[in-house]
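Inspection log for the structure reproduced underneath, given as structure tokens.
The values are calculated or read from the model by the stated rules, or taken from the named source; none is laboratory data. Small disclaimer: the values here were computed from a predicted structure and weren't measured. Reconstructed Cβ throughout: ideal geometry from the backbone, glycine too, with neighbour counts over all protein chains shown. To get the accessible areas, we keep the full protein, side chains included, count just its heavy atoms, and leave off ligands, DNA and RNA. Shrake-Rupley method; radii C 1.70, N 1.55, O 1.52, S 1.80 Å.
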Amino acid sequence: MAANNFRHALFCSIITLIISYPIIGFNLEAQGINVTLTGADASTVVMVLLAAVIVFLFQLFRDQIMGTLRSLPHPLPQSSKEPMAENRRAKIESWVLTGIVVLALFWPFFVSRGAVDLATLVLIYIMLALGLNVVVGLAGLLDLGYVAFYAVGAYTFALLSQYLGISFWLALPIGALLAALFGLVLGFPVLRLRGDYLAIVTLGFGEIIRILLNNWTTLTGGPNGIGGIPDPTLFGMEFGRRVKEEGNTSFHETFGIAYSGEHKVIFLYLIALVLAVFTALVIRRFMRMPVGRAWEALREDEIAARSLGLSRTAVKLSAFTIGAFFAGFAGTVFASKQGFISPESFVFLESAIILAIVVLGGMGSQIGVVLAAIAVTILPELAREFSEYRMLIFGAAMVLMMVWRPQGLMPMRRIHIELKRQE
Amino acid sequence: MLVLEDVHTHYGKIEALHGVSVEVKKGEIVSLIGANGAGKTTLLMTVCGNPRASAGRIFLEGKEITNESTAQIMRSGISIVPEGRRVFSGLTVEENLHMGGFFNTKAEIRKSQQHVYELFPRLKEREHQRAGTMSGGEQQMLAIGRALMSRPNMIILDEPSLGLAPLIIKQIFEIIGQLREEGITVFLVEQNAHQALNLADRGYVLETGKIRLHDTGKNLLENPDVQNAYLGG
């Protein structure tokens, strides 16, 4: 036992050394055209050695340490707590959510411009994740090309404004509907496939859209992208310093306040917030409608669902189309926020991140997905100081999540009552 | 009520049913027995249109359904309890039942739900429990209850006794007898030949994709060939 522990501890500390020394201990420096390898200074080496020693000691006395930890009283004795009554929980939940939305409405007036900008991005991801949640979390269709619908929404707005001069508010429904149409068209041939096969075909579709946008230079500008996408207006009021379009007025002049670049950022944030709340409410409605139950039934057991007379194609297509619709929504907002889009924004990594948000948040759970969207978007920004390591931290956080909470941050809760033990 | 005329079914190139003719009359319990791989489940699935019959015709209440879609067939007064129960394990008992009445109005659902709870008081007790956490027998009851929610004229049961304790099997068969009294036609597919034939008005014996024997349930029970092959001598 002791010898075994010792061997294991030695092995672990050596692994620690092997992994951390090359990452932390070596630096590549560019000197002119040459790259030189320099070793780290003495203090870093000492830190690495110290880490190895700590790992060694912990592994050696693991049994004792874990033993004392376990004998401590549990900090959150949840197991002995009575579960809250379902209707009370639902009531508290809706109050808290309303409170958060109201706070979010006023919040941008008190923080920096960068924070508001980041928050807008978070809201776009929330919309995307809520939409994908319908497809993956509720209907159980693994879609790896979701970003394609996002791209359709963004490019619809960009192209419409460039060629026809259509404004944001008109492009918003058009972009969403066009994305939904793409979802419908893609869905028809694809939905007879299942699981891995479906994932690969959707992945292919995502790439096709991106490559198409990249190469159709005459229409989309190819890798150069499309710039000069107009900002949204408020009843014909523009947020720029000078009015760009004939017949519009400018916001700051109408209200007689000094021009500030922040107005536009805050306005975009508020639009994104309203749309995100709208997305959440509509999808919540869908979840409680028969079609929502049909999605879940089909995910749980396809044969049983079909034996009850549900049409497999209709149910899957509805999920796909609705998911795509909200991606189109998010795409339009994104195009407007950036003012410039190129195929680079719609690579597979985007799909993967949105999927990660859904999985991290807990499949099918709206609150979970919102929390995960916030975490996944903000964490890399917070970790900007250790910019070299932030992907490392991001990856580690994901792995730890999956180990500790494989069901996601806030797994979907179905209405049910725990049975009292009969004794 | 349900008529199969010389039905052939193929899986790819392999023919699984070689011209099967079966008739189930209104108000009857008809049992179909046969060994593993005889094609019992294939026959049922063909009735549901998945896979489609490659030749022959199927009629439900006088209307031909051979080429209808599965979803359409399952909405025309027929219900199937698929093999291996297949309840929605993540949904509660009540939600499972509501799925069964998917195309009915709310009032109809309430009524048939009440009726199912009368047939299976156990399901009422477990109304808000997740279906996946119940025992096999309870899940089978739920599967039957779910099939009854659409108020079918005819119910098809695929191996309802599969993997259940003898006492539970007895209960399930009692319920099936009760369904006949309510005027629901029952088409029962079973490996448990003794009980299935005992209950049935008529029975068919399916062997390697063909109907071998067809008689009343009682006669089949006494038939020495059937006794040898399916009733353990």
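I'm trying to understand the selection: among the residues of region B:62-83, which are in a helix (DSSP H, G or I) and either within 7 Å of chain A (Cβ to nearest Cβ) or among the aromatic types (Phe, Trp, Tyr) (or both)? Give the steps one after another, and end with the answer.
Taking region B:62-83 as the starting set, the residues that turn out to be in a helix (DSSP H, G or I) are B:70-73.
The answer is B:Thr70, B:Ala71.
Please specify each residue of region B:62-78 satisfying the condition of being in contact with a Leu (Cβ under 8 Å, 6 or more places away or on another chain) and either open to solvent by 10 Å² or more (accessible area, probe 1.4 Å) or charged (D, E, K, R) (or both). Explain how you work it out, then say what you get.
Residues of region B:62-78 that are in contact with a Leu (Cβ under 8 Å, 6 or more places away or on another chain), as a first pass: B:71, B:73-74, B:76-78.
Those that are in contact with a Leu (Cβ under 8 Å, 6 or more places away or on another chain) and either open to solvent by 10 Å² or more (accessible area, probe 1.4 Å) or charged (D, E, K, R) (or both): B:Ala71, B:Met74, B:Ser76, B:Gly77.
Examine region A:170-180 for a residue that is touching a residue at least 12 places away in the same chain (Cβ under 8 Å) and either over 19 Å from A:Phe329 (Cβ atoms) or of a type in the set (Phe, Trp, Tyr) (or both), and state whether such a residue exists.
So in region A:170-180, the residues touching a residue at least 12 places away in the same chain (Cβ under 8 Å) come out as A:171-172, A:174-180.
Next, from what is left, pick out any that are either over 19 Å from A:Phe329 (Cβ atoms) or of a type in the set (Phe, Trp, Tyr) (or both): none.
The answer is no, given that none of the residues of region A:170-180 is touching a residue at least 12 places away in the same chain (Cβ under 8 Å) and either over 19 Å from A:Phe329 (Cβ atoms) or of a type in the set (Phe, Trp, Tyr) (or both).
Just give me the residues in region B:2-49 being hydrophobic (A, V, I, L, M, F, W, C) and in a helix (DSSP H, G or I), in sequence order. So that I can check it myself, show each step before the final result.
Taking region B:2-49 and keeping what is hydrophobic (A, V, I, L, M, F, W, C), we get B:2-4, B:7, B:14, B:16-17, B:20, B:22, B:24, B:29-30, B:32-33, B:35, B:38, B:43-45, B:47-48.
Within region B:2-49, B:Leu43, B:Leu44, B:Met45, B:Val47 qualify.
Return the residues of region B:160-173 that are open to solvent by 10 Å² or more (accessible area, probe 1.4 Å) and closer than 18 Å to A:Ser307 by Cβ; say none if nothing qualifies. Before you say what the answer is, go through the steps one by one.
Narrowing region B:160-173 to residues open to solvent by 10 Å² or more (accessible area, probe 1.4 Å): B:161-171, B:173.
Answer for region B:160-173, where residues must be open to solvent by 10 Å² or more (accessible area, probe 1.4 Å) and closer than 18 Å to A:Ser307 by Cβ: just B:Leu162.
Does any residue of region A:339-346 turn out to be over 30 Å from B:Phe103 (Cβ atoms), surrounded by fewer than 21 Cβ atoms within 10 Å (Cβ to Cβ) and β-branched (Val, Ile, Thr)? Lay out the reasoning, then the answer.
Step one: filter region A:339-346 for residues over 30 Å from B:Phe103 (Cβ atoms), giving A:339-346.
Keeping just the survivors that are surrounded by fewer than 21 Cβ atoms within 10 Å (Cβ to Cβ) gives A:339-340, A:342, A:344-345.
Cutting the leftovers down to β-branched (Val, Ile, Thr) gives us none.
No, every residue in region A:339-346 fails to be over 30 Å from B:Phe103 (Cβ atoms), surrounded by fewer than 21 Cβ atoms within 10 Å (Cβ to Cβ) and β-branched (Val, Ile, Thr).
Which members of region A:38-55 meet the condition of being over 12 Å from A:Tyr21 (Cα atoms) and modelled with pLDDT of 85 or more?
If the condition is that a residue be over 12 Å from A:Tyr21 (Cα atoms) and modelled with pLDDT of 85 or more, then A:Val53, A:Ile54, A:Val55 are the ones that fit.
Mind listing just one residue for me: the one in region A:277-304 that is open to solvent by less than 10 Å² (accessible area, probe 1.4 Å) and more than 14 Å from chain B (Cβ to nearest Cβ) and, of those, farthest from A:Pro232 (Cα to Cα)?
That would be A:Ile283.
Which one of the conditions (1) among the charged types (D, E, K, R); (2) over 25 Å from A:Ile303 (Cβ atoms); (3) open to solvent by less than 10 Å² (accessible area, probe 1.4 Å) does B:Lys210 fail to meet, given that it meets all the rest?
Going through the list (1) among the charged types (D, E, K, R); (2) over 25 Å from A:Ile303 (Cβ atoms); (3) open to solvent by less than 10 Å² (accessible area, probe 1.4 Å), B:Lys210 breaks only (3).
Here is a check on your reading of the model: is A:Thr98 open to solvent by 40 Å² or more (accessible area, probe 1.4 Å) and of a type in the set (Val, Ile, Thr)?
Values: open to solvent by 40 Å² or more (accessible area, probe 1.4 Å): yes; of a type in the set (Val, Ile, Thr): yes.
So A:Thr98 fits the description; yes.
Can you confirm whether region B:147-165 contains a residue that is among the small types (Gly, Ala, Ser) and within 14 Å of chain A (Cβ to nearest Cβ)?
Step one: list which residues in region B:147-165 are among the small types (Gly, Ala, Ser), which gives B:147, B:150, B:161, B:163, B:165.
After this cut, where a residue has to be within 14 Å of chain A (Cβ to nearest Cβ) as well, the list is B:147, B:150.
Scanning region B:147-165 turns up at least one residue that is among the small types (Gly, Ala, Ser) and within 14 Å of chain A (Cβ to nearest Cβ).
Go through B:Arg57, B:Arg110, B:Arg86 for me and flag whichever is of a type in the set (Lys, Arg), open to solvent by 60 Å² or more (accessible area, probe 1.4 Å) and within 14 Å of chain A (Cβ to nearest Cβ). Don't jump to the end; show me each part of the working.
On the way: B:Arg57 fails: within 14 Å of chain A (Cβ to nearest Cβ); B:Arg110 fails: within 14 Å of chain A (Cβ to nearest Cβ).
The conditions single out B:Arg86.
Which one of A:Gly165, A:Gly187, A:Gly195 is within 18 Å of A:Ala319 (Cα to Cα), open to solvent by 20 Å² or more (accessible area, probe 1.4 Å) and modelled with pLDDT under 90?
A:Gly195
Does B:Glu94 satisfy the condition of being over 23 Å from B:Met74 (Cα atoms) and modelled with pLDDT of 90 or more?
Working: over 23 Å from B:Met74 (Cα atoms): no; modelled with pLDDT of 90 or more: yes.
Answer is no for this residue.
As an exercise: evaluate B:Tyr117 against (1) surrounded by 22 or more Cβ atoms within 10 Å (Cβ to Cβ); (2) aromatic (Phe, Trp, Tyr); (3) more than 11 Å from chain A (Cβ to nearest Cβ) and give the number of the one condition it does not meet.
Going through the list (1) surrounded by 22 or more Cβ atoms within 10 Å (Cβ to Cβ); (2) aromatic (Phe, Trp, Tyr); (3) more than 11 Å from chain A (Cβ to nearest Cβ), B:Tyr117 breaks only (1).
Do any residues in region A:18-34 that are within 25 Å of A:Met47 (Cβ to Cβ) have Cβ atoms under 7 Å from those of residues that are part of a helix (DSSP H, G or I), where the two are at least six apart or on different chains, and which pairs are they?
These pairs meet every condition: A:Ser20/A:Val48; A:Ser20/A:Ala51; A:Tyr21/A:Val48; A:Ile24/A:Thr44; A:Ile24/A:Val48; A:Gly25/A:Thr44; A:Gly25/A:Val45; A:Gly25/A:Val48.
Out of all the residues in region B:120-143, which are buried (at least 20 other Cβ atoms within 10 Å of the Cβ) and either away from chain A (no Cβ under 12 Å) or acidic (Asp, Glu) (or both)?
Hits for region B:120-143 are B:Phe120, B:Leu123, B:Glu138, B:Gln140, B:Met141.
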